[in-house]
Amino acid sequence: MIPTLLPTYARAPMTFVKGEGSWLTEADGRRFLDLGAGIAVNALGHAHPALVQALTDQAGALWHTSNLYRIPQQQALADKLTEHTFADTVFFTNSGTEACELAVKMARKYWYDKGHPEKTGIITFSGSFHGRSSAGIAAAGSEKMTKGFGPLLPGFVHLEFGDHDALTAAVDDTIAAILIEPVQGEGGIRPVPDQCLKGLRDLCDEHGILLIFDEVQCGVARTGRLFAHEWSGITPDIMMVAKGIGGGFPLGAVLATEEAASGMTLGTHGSTYGGNPLGCAVGCAVMDHVTDPDFLAEVNRKAALMRQKLEGLIAAHPDVFDSVRGSGLMLGIKCRATNADVVKAGYDELVLTVPAADNVIRLLPPLTITDAEIDDAMSRLDAAASAVAAA
């Protein structure tokens, strides 16, 4: 008999009932050090006082009116995002998946309105993850994502990650955009080198192609800048955002230049809940923290500390771990042992990590993690690695 919850998740055997900062409390009272942060969602940790206050205040005033009317909190968050980014305009969604849908529509509608309806192709890369909607799985293209869900949305050109020759060859008069994560998350914490991002910008400018960045996982201060692409010194035309922007409350967005968004006119897109007062009130509180230069400096300092300690951990367990990679507090440990075994051993040591492709475990702690908690994390991961080696 099928469970009342559709069985699409292989859930770990824990039930968390309370969160505070970098910690989650299980129903049996055990406290886990959370190095996953809801997969890079709880950017300011669990139950951050400023976010709780923003949500509580808004919940006591107004939850929902729909986008039939002006929403002051939505306007305030859009103003903050455009002030601190390349973007001229923002559309709010509830998730990164919905942001992907709009980004694809926006790119294709742009060229249609420019008199080039043949320009529908979108170049994507192996190892990518852009959500689980029809557009998202078609964009990623992997068998794991697409098997059994055909016919797939057409128009995506899938290339191998890092194959520059294939990229150059794929560009023709049918290509509307290039879509890429500056740091792949699900794909195994694979950063795109700054020079490659610059090369993509140059390629798009040369051929008149739109550049779309998926910063759903790597954005919102995760890499030590407000958005990961800032390290390269270039900007996209369209950007997908979610996860950290809501600090745990469901919220996403598509940011775009005025030119790239020019096709999205009255009636071309909409959302019932997107940009609701609750989500945007929390998003404003998140932005107030993550745009503070002192906050970003602390993320970078803690990222350097954590990476240094991870290098020592890897050196101490060469049969379990291979190397560390990533950017900021978006780090991955490439494993020699099976990554799922390392994650499970962590459960016994009351530490949470997240598996990814390429036999990687992801470390995506709250950006507010303390130095003492980083030390604690290393001790727990050390014990987990010892258990895996002894098994």
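No value in this document is a laboratory result; all are computed from the given coordinates. Quick caveat: nothing in here was measured; it's all calculated off a predicted structure. Cβ placement follows ideal geometry from the backbone for every residue including glycine, while neighbour counts extend to all protein chains displayed.
Counting other Cβ atoms within 10 Å, which trypsin sites (Lys or Arg not before Pro) in the stretch 123-231 have at most 12 and lie in a DSSP loop? When the trypsin sites (Lys or Arg not before Pro) of the stretch 123-231 are filtered for loop state and at most 12 Cβ neighbours within 10 Å, K147 remain.
For K344, a cut-off of 26 angstrom between C-alpha atoms picks up these lysines, skipping any fewer than 8 places away in its own chain: K18, K144, K243, K302, K309, K334.
Please report the spacing between the Cα centers of the stretch 280-338 and the stretch 207-269 in Å, no decimals. Centre-to-centre distance over Cα atoms comes out at 21 Å. Of the labelled figures (i) 158; (ii) 133; (iii) 145, only one reflects volume of the Cα convex hull per residue in Å³ as derived from the coordinates, namely (i). Calculated FRET efficiency, S379 to D28, Cβ-Cβ distance, R0 = 30 Å: about 0.85 to the nearest 0.05. Exposure proxy for K18, K344, K302: other Cβ atoms within 10 Å of each Cβ, ordered fewest to most, give K18, K344, K302. In a GNM of the chain with a 10 Å cut-off on Cα contacts, which of M145, M14, M287 has the highest mean-square fluctuation? In this elastic network of the chain, the residue with the biggest mean-square fluctuation among M145, M14, M287 is M14. Per-residue 3J(HN,Hα) values for the stretch 95-110, derived from phi via the Karplus relation 6.51 cos²θ - 1.76 cosθ + 1.60 with θ = phi - 60°, read 7, x, 4, 5, 5, 4, 4, 5, 4, 5, 4, 4, 5, 6, 5, 4 Hz in sequence order (x marks Gly and Pro).
What you get for the stretch 50-290, charging only the Cβ of Lys and Arg (+1) and of Asp and Glu (-1), is a dipole of about 700 debye around the Cα centre. Take the Cα of H207, go 7 Å toward its beta carbon, and the backbone nitrogen atoms of the stretch 168-188 under 20 Å from that spot belong to 168-182. Of all DSSP beta bridges confined to the chain, the antiparallel ones make up roughly 65%. For the chain, the 222 nm mean residue ellipticity estimated from helices alone, with every DSSP H stretch of n ≥ 4 adding -39500 (n - 2.57) and the total spread over all residues, rounds to -11500 deg cm²/dmol.
Take every pair of alpha-carbon atoms less than 8 Å apart whose residues are at least six positions apart; their mean separation over the length of the chain yields a relative contact order of 23 percent. Calculate, in whole percent, how much of the Cα-Cα pair population of the stretch 232-337 lies beyond 22 Å. Looking at the stretch 232-337, the distances longer than 22 Å represent 55 percent of pairs.
Toward the positive end of the charge dipole of the chain, with +1 on the Cβ of Lys and Arg and -1 on the Cβ of Asp and Glu, the farthest Cα among T168, A99, T120 is that of A99.
Shown here for the stretch 115-194: GluC sites (Glu not before Pro) in loop regions (DSSP other than H, G, I, E, B) with at most 13 other Cβ atoms within 10 Å, namely E118, E160. Of all beta bridges that DSSP places with both ends in the stretch 204-277, some 50 percent have antiparallel geometry. For the chain, modelled as a GNM whose springs connect Cα atoms under 10 angstrom apart, the maximal fluctuation among A304, A356, A107 occurs at A304.
Summarising the amide proton neighbourhood of D214: residues at separation of 5 or more, or on other chains, whose placed amide H is nearer than 5 Å comprise I180, E181, M240.
To make sure I understand the rule: partners must be lysines, Cα under 26 Å from the Cα of K114, and not fewer than 8 residues away in the same chain. Which ones qualify? Straight-line reach from K114, under 26 Å: K105, K198. Of all the options V17, V343, V299, the one that moves most in a Gaussian network model of the chain with Cα springs shorter than 10 angstrom is V17. Counting neighbouring beta carbons within 10 Å and listing from fewest to most, the residues T4, T265, T223, T174 come out as T4, T265, T174, T223.
Restricting the stretch 219-259 to GluC sites (Glu not before Pro) that sit in a DSSP loop and have at most 14 other Cβ atoms within 10 Å of their own Cβ leaves E258, E259.
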